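The values are calculated or read from the model by the stated rules, or taken from the named source; none is laboratory data. Since the model is a prediction, treat every value here as computed from it, not as a measurement. Cβ: placed from backbone, ideal geometry, glycine included. Neighbour counts: every protein chain shown.
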Amino acid sequence: MKILQWQPNVPTILRGGRVVDPVLGLDEVTDVAFARGRITQVGSVGEDAQVIDVQNYVITPGLIDMHVHLRDPGQTEKEDISSGTLAAAVGGFSRIVAMPNTDPPVDSAEHLSRMLPYMRKNANVKIEPTVTLTMAAKGEAVSDLRGLRRKGASAATDDGRCIQGSAVMFEVLQCAKDAGIAVLDHCEDVGISRHASLNAGDVAQEKGVGGQSPAAEEVMVARDIVLARTTGYPVHIQHVSTAGSVELIRWAKQQGIRVSAEATPHHLSLTEEAIRRCGTYAKVNPPLRTEADRQEVIRGVRDGTISVIATDHAPHTRADKDGTVEEAAFGIAGLESAIPVSLSCLYHEHGMPLIELVAAFTQGPREVLGLDAGTLAPGAPADITILAPDKEVRIDSSRFHSKASNSPFHGNTYKGAAAATVVDGMPVRSG
Ligand SMILES: [Zn+2]
């Protein structure tokens with residue numbers, strides 16, 4: 001592929017691409033102009049700038065991944081801010097939401113204040129910092145959400161864990177409402193899931209390991225819906241994996257209850273069968289489910305029940321993923337396969353309109369998090385992703401820019417690629 005390159009810091013026109021911006025309701029071949037790091041115009045633009053020919057490419061607002069584990073501080077052998085955000089840029093993301101379950105977790109204003117300049121210094125794309133809902137993500141004492149919001153936290157989540165006590169979650173939502181901070185929840189009743197390695201089903205039985213009943217997720221989704229209704233404050237359900245969860249969220253939205261949800265590229269494209277082919281590289285939490293679950297998650301994305309696609313990028317070392325199914329860590333390093341997998345599965349195979357798919361990576365996160373991002377509207381930051389939706393790519397995890405290579409997509413060929421990522425008008429990565 002031709003490498004897209006241009007002079008930074010001069011007014012630029014991306015000419016003749018298919019510009020897809022769900023927030024603007026735009027899907028047409030036109031130009032996008034930017035200068036001094038901001039979008040200046042969308043539409044036919046004159047020549048008073050360097051002109052980059054992007055015919056045959058799709059130009060979108062910079063894609064946002066609202067579920068990324070950067071492992072920094074504490075587990076930088078798996079990933080760090082620099083490597084994780086480089087993987088994001090290569091994957092087509094100009095902005096990511098960093099989960100707070102680092103070591104130590106981000107649960108205090110002091111920690112957040114220390115991290116913010118460190119993140120800014122080392123990041124290759126923009127990072128939205130998050131904090132834990134409860135102190136040390138123990139599910140007991142609620143964090144100082146108001147103070148953390150004031151210090152710059154974009155959202156709060158105990159991701160990786162789920163608050164087991166409904167009274168604590170009720171208090172969390174009341175505090176979050178008072179603080180005006182978005183709540184993202186990993187739904188798992190651990191009394192039911194017992195941290196089992198796989199979905200409760202044929203593959204778990206065949207491997208002789210415990211299985212997580214879909215009920216472990218659905219019980220907590222139902223609880224969160226009830227608490228969102230009671231408090232009038234929105235809850236965002238992370239990585240939805242079961243048909244029952246999709247049905248509950250669809251029902252809640254129909255009732256006008258303020259819930260939103262995300263799905264991952266792996267739950268959209270794989271089932272528990274992947275364990276047979278990929279072994280522990282397909283071990284993830286929540287687990288890959290059945291084909292019926294997968295189809296319902298796809299239906300949920302297509303009908304808008306699930307408004308966000310996010311990777312749950314969970315980098316691990318080889319040693320973490322070696323060993324038996326029960327010993328291996330949960331997680332998939334997803335940043336560098338998300339766009340090929342999502343375009344293949346939803347756009348090419350299921351005929352989802354491109355503008356709707358782009359919305360799941362732009363408008364969806366923008367609305368859940370209240371971000372001033374995810375659009376090419378004049379005045380917005382010149383964060384842009386350039387896609388080659390028909391380009392065939394083979395995923396080679398040994399060439400990931402992430403420190404990790406734990407991917408069940410390794411060796412597979414997909415249709416659709418991120419060609420370049422632009423942050424504040426600067427080409428961060430192209431290929
Ligand atoms: Zn999670």
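Quick check on the stretch 152-180: of everything there that is under 25 Å from the mean Cα position of the chain (by Cα) and among the hydroxyl-bearing types (Ser, Thr, Tyr), which residue is farthest from the ligand (Cβ to nearest atom)?
Going through the qualifying residues, I end up with Ser154.
Which one is farthest from Ala319 (Cα to Cα) among residues in the stretch 67-82 that are of a type outside the set (Gly, Ala, Ser) and surrounded by fewer than 24 Cβ atoms within 10 Å (Cβ to Cβ)?
Ile81
Rundown of residues vs (1) part of a helix (DSSP H, G or I); (2) out of contact with any Lys or Arg (no Cβ under 7 Å at 6 or more places or on another chain); (3) in contact (Cβ under 8 Å) with a residue 12 or more places away in the chain, yes/no style:
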| residue | (1), (2), (3) |
| --- | --- |
| Asp159 | no, yes, yes |
| Gln164 | no, yes, yes |
| Val172 | yes, yes, yes |
| Ala176 | yes, yes, yes |
| Val183 | no, yes, yes |
| Gly191 | yes, yes, yes |
| Gln205 | yes, yes, no |
| Val219 | yes, yes, yes |
| Arg223 | yes, yes, yes |
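Select from the stretch 135-150 the residues that are buried (at least 17 other Cβ atoms within 10 Å of the Cβ) and among the basic types (Lys, Arg) and list them in ascending order.
Of everything in the stretch 135-150, just one residue is buried (at least 17 other Cβ atoms within 10 Å of the Cβ) and among the basic types (Lys, Arg), namely Arg149.
Assuming Gly334 fulfils every condition listed in (1) part of a loop (DSSP other than H, G, I, E, B); (2) out of contact with any strand residue (DSSP E or B) (no Cβ under 7 Å at 6 or more places or on another chain); (3) in contact (Cβ under 8 Å) with a residue 60 or more places away in the chain apart from one, which condition is it?
Answer for Gly334: the failing condition is (2).
Does the stretch 394-431 hold any residues that are among the small types (Gly, Ala, Ser) and assigned to a loop (DSSP other than H, G, I, E, B), and which are they?
Once the filter is applied, which keeps residues that are among the small types (Gly, Ala, Ser) and assigned to a loop (DSSP other than H, G, I, E, B), the stretch 394-431 yields Ser402, Ala404, Ser405, Ser407, Gly411, Gly425, Gly431.
Does Ala123 satisfy the criteria of being under 22 Å from Asp159 (Cβ atoms), modelled with pLDDT of 95 or more and among the small types (Gly, Ala, Ser)?
For Ala123, the condition - under 22 Å from Asp159 (Cβ atoms), modelled with pLDDT of 95 or more and among the small types (Gly, Ala, Ser) - is met.
Consider the stretch 274-313. How many of its residues are crowded, with 24+ Cβ neighbours inside 10 Å and either within 14 Å of the ligand (Cβ to nearest atom) or under 12 Å from Ile332 (Cβ atoms) (or both)?
11
Which ones in the stretch 377-406 are over 25 Å from Leu354 (Cβ atoms) and crowded, with 17+ Cβ neighbours inside 10 Å?
Ser397, Phe400, His401, Ser402, Lys403, Ala404, Ser405, Asn406
Tell me, please, whether a residue that is polar (S, T, N, Q) and within 16 Å of the ligand (Cβ to nearest atom) can be found in the stretch 86-99.
no
Working only within the stretch 225-241, note down all residues that are farther than 24 Å from Ala329 by Cα and outside any loop (DSSP other than H, G, I, E, B).
Matches in the stretch 225-241: Ile225, Val226, Leu227, Ala228, Arg229, Thr230, Thr231, Val235, His236.
Filter the strands (runs of 3 or more DSSP E) completely within the stretch 19-92 down to those with at least 3 residues that are more than 22 Å from Ala310 (Cβ to Cβ) and not aromatic (Phe, Trp, Tyr).
By residue number, 26-35, 38-42, 50-53.
In the stretch 181-197, what residues are within 16 Å of the ligand (Cβ to nearest atom) and within 13 Å of Pro287 (Cα to Cα)?
Selection gives His186, Cys187, Glu188, Ser193, His195, Ala196, Ser197.
Against the definition (closer than 17 Å to Arg299 by Cβ, touching a residue at least 40 places away in the same chain (Cβ under 8 Å) and within 16 Å of the ligand (Cβ to nearest atom)), how does Ser241 come out, yes or no?
Yes.
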